[in-house]
Amino acid sequence: MIVLGIESSCDETAAAIVNDRREILGQALLSQEEHKAYGGVVPEIAARAHLEHIDEIIGLCVKRAGIKLEELDAVAAAAGPGLIGGVVVGVMAAKALSLALNKPFVAVNHLEGHALCARVSNDVEYPYLLLLVSGGHCQILVVKNVGSYERLGTTIDDAAGEAFDKVAKMLGLGYPGGPMIEKSAAVGDETRFSLPRPLIGSDDCNLSFSGLKTAVRKLVESYAPDGNLNHAAIPGKDVADICACFQYAATDCLVRKLKKAVGIFKRKYPQGRHLVVSGGVAANTYLRSKLQSLAEGEGLEFAAPPIRFCTDNGVMIAWAGLERFRAGFSDSLDFKPRPRWPLDENAPKAAGAGGVKA
Ligand code: KG4
Ligand code: ZN
């Protein structure tokens, strides 16, 4: 079985072709540079850039895979959640191919792409405990099966990646902020400033990063004589220390709430063996090593996608599309892209069990 997947829900235009032997036959990805000047993704610019490059990216992916389009079994696209202008571009491209080739169309939840991506390169079986940490989402979930999720916790304000991006902006480190913070933190002293761990005492698995972000803002403001945000006033060594303390605090919040979730997971799903992290923030090696230790201490196996497949990419959509199609799911060509699409809502039944067949 061979599936093409298209991703265009944020600032990456990407496509990949995978097969059911977990081989990546071809892929192409373009990270939009246009947003750097704005310190964040500008939806209209993103949509136009997707439109400009989508054909070329799909063409390059197919060429690299060395297959004929007729060999595809299905065409998948991220159909939400995300920036609707971009999502529409990818979905329309996938629907057009599906129609022209007379192959089924599979609408993939972008979050399901992140959730299942670790299964391409690791022998991770259902059910598993997942920390999904990206620029727009921060959730702790049990992945019970394709299309079947139980959410144990979520952020009540900012996503983890959003907090990394905002702190990086305050420090003048550029966008996206996560990689820059990680790099700077590597030479910083994580014990120098004491920063809050919001919600850490609460009895649930929910997270919060807004108070942590505000504490960093106050720290940054304390460097300027007029109390304004002025990163130029902060010595380089102090920037590194702030990054290290922020990364430590954010990771600490994630690890402690995940530890609570492990307890629930083990009780409810005693057969589960894996702790998985995915999404853009999962590219952070500091976080990965802390989660590896947590998993080892809890007798679980730790797994994560390779770093290049943590941030948005086509492979995760192609793979989730393949898993969905293999499980009997496909969608009609009038499927409407969904800017909001919770992963744990009641999923439609697979085809053959009353689902929609293209
Ligand atoms: O999954 P993703 O590419 O897009 C969304 O679906 O949101 O995640 C992007 C997020 C950004 O907030 C970025 O700063 C963060 O992932 N990120 C990182 C690292 N690499 C990317 N955060 C922390 N450390 C990193 N190394
Ligand atoms: Zn993403």
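The values are calculated or read from the model by the stated rules, or taken from the named source; none is laboratory data. Every value quoted in this text rests on a predicted model; they were computed, and no experiment measured them. Here the Cβ positions follow ideal geometry from the backbone for every residue, glycine too, while neighbour counts run over all protein chains shown. Note: accessible area is taken over every heavy atom of the protein model, side chains too, but ligands, DNA and RNA are not part of it. Shrake-Rupley method; radii C 1.70, N 1.55, O 1.52, S 1.80 Å.
Ranking 193, 285, 231 by Cα position along the charge dipole of segment 127-304, where only Lys, Arg, Asp and Glu carry charges on their C-beta atoms, puts 285 farthest toward the positive end. Within straight cross-link reach of residue 95, meaning Cα distance under 22 Å, which lysines are found once same-chain residues fewer than 8 apart are removed? Filter leaves 63, 68, 103, 336, 349, 357. Expressed as a whole percentage, what fraction of the accessible surface of segment 172-295 belongs to carbon and sulfur atoms when a 1.4 Å probe is rolled over the protein heavy atoms? With neighbouring chains kept in place, the figure for segment 172-295 is 54 percent.
Within a straight-line Cα-Cα reach of under 19 Å, residue 36 can be paired with the following lysines, leaving aside sequence neighbours fewer than 8 residues apart in one chain: 166, 169, 183. Between 0 and 90 degrees, the angle of helix 110-121 with respect to the longest Cα principal axis of the chain falls at about 80 degrees.
Do me a favour and compute the ellipsoid semi-axes for segment 127-304 from its Cα gyration tensor, root of five times each eigenvalue, largest one first, whole Å. List each step's numbers first, then the result.
Values: eigenvalues 197, 43, 37 Å².
In descending order the semi-axes read 31, 15, 14 Å.
In this structure the chain gives 42 Å² per residue of accessible area when probed at 1.4 Å with all protein chains present.
Where Rh is the Kirkwood radius over the Cα pairs of the chain, the temperature 10 °C and the viscosity 1.306 mPa s, what D in µm²/s does Stokes-Einstein return? Could the numbers behind the result be given before it?
Values: Rh = 20.8 Å.
Estimated via Stokes-Einstein, D reaches 76 µm²/s.
Beta-bridge orientation, the chain: approximately 60 percent antiparallel, per DSSP, counting only bridges with both partners inside. By the gyration tensor of its Cα atoms, with a ≥ b ≥ c the square roots of the eigenvalues, what is the shape of segment 94-147: rounded for a/c under 1.5, prolate for a/b over b/c, or oblate? Prolate is the answer for segment 94-147, as a/c is 1.5 or above and a/b outweighs b/c.
With Cα atoms defining each centre, segment 129-143 and segment 241-275 are spaced 11 Å apart in the structure.
Peptide packing: for 142-148, 197-203, the average count of neighbouring Cβ atoms within 10 Å per residue gives the ranking 142-148, 197-203, highest mean first. Entry note: segment 105-228 has Rg to Rh equal to 1.05, where both radii use alpha-carbon atoms and Rh is the Kirkwood radius.
How big is the charge dipole of the chain about its Cα centre, in debye rounded to the nearest 20, if each Lys and Arg gets +1 on its Cβ and each Asp and Glu gets -1 on its Cβ? Before the final figure, lay out the partial values.
Values: 39 positive and 41 negative charges, 150 e Å.
With only Lys, Arg, Asp and Glu charged at Cβ, the dipole is about 720 debye.
Let me check I've understood the local charge: for residue 34, count other residues with C-beta under 10 angstrom from its C-beta, Lys and Arg +1, Asp and Glu -1. What total comes out? The partial results should precede the final answer.
Values: positive: 36, 48; negative: 11, 33.
Counting the neighbours of residue 34, the net charge comes to 0.
Given contacts defined as C-alpha pairs under 8 Å and at least six residues apart, what's the relative contact order of the chain, whole-number percent? Please report the intermediate quantities before stating the final value.
Details: 802 pairs, mean separation 84.2, N = 358.
Computed value for the chain: 24 percent relative contact order.
Separation of segment 6-27 and segment 46-62, taken as the distance between their Cα centroids, equals 13 angstrom. For segment 272-282, the Karplus equation 6.51 cos²θ - 1.76 cosθ + 1.60, evaluated at θ = phi - 60°, returns couplings of x, 10, 10, 10, 10, 10, 8, x, x, 5, 5 Hz by residue, with Gly and Pro reported as x.
Among 121, 263, 62, whose Cα sits farthest toward the positive end of the charge dipole of the chain (+1 at Cβ of Lys/Arg, -1 at Cβ of Asp/Glu, about the Cα centre)? Going by the charge dipole, the pick is 263. Local charge for residue 181 was computed over the other residues whose Cβ lies under 11 Å away, with Lys and Arg +1 and Asp and Glu -1, and equals +1.
Please give the charge dipole size of segment 161-300, origin at the Cα centre, charges +1 on K and R Cβ atoms and -1 on D and E Cβ atoms. Round to the nearest 20 debye. Spell out each step's value before the answer.
Numbers: 19 positive and 14 negative charges, 114 e Å.
The dipole of segment 161-300 has a size of about 540 debye.
Which shape class applies to segment 41-172: rounded if a/c is under 1.5, otherwise prolate when a/b exceeds b/c and oblate if not, where a ≥ b ≥ c are the square roots of the Cα gyration tensor eigenvalues? Intermediate results must be reported in sequence, preceding the final value.
Values: a/c = 2.17, a/b = 1.29, b/c = 1.69.
Because a/c hits 1.5 or more and a/b fails to exceed b/c, segment 41-172 counts as oblate.
Computed about its Cα centre, the charge dipole of segment 28-134 is approximately 80 debye, with only Lys, Arg, Asp and Glu carrying charge at their Cβ. For the chain, the longest principal axis of the Cα atoms and the long axis of helix 314-326 meet at an angle of about 50 degrees.
Axis angle, to the nearest 10 degrees, between helix 210-221 and the longest C-alpha principal axis of the chain: 50 degrees.
Grab the beta carbon distance between residue 145 and residue 21, set R0 = 25 Å, and tell me the FRET efficiency rounded to 0.05.
Working: r = 20 Å, r/R0 = 0.81.
Once rounded, the FRET efficiency stands at 0.80.
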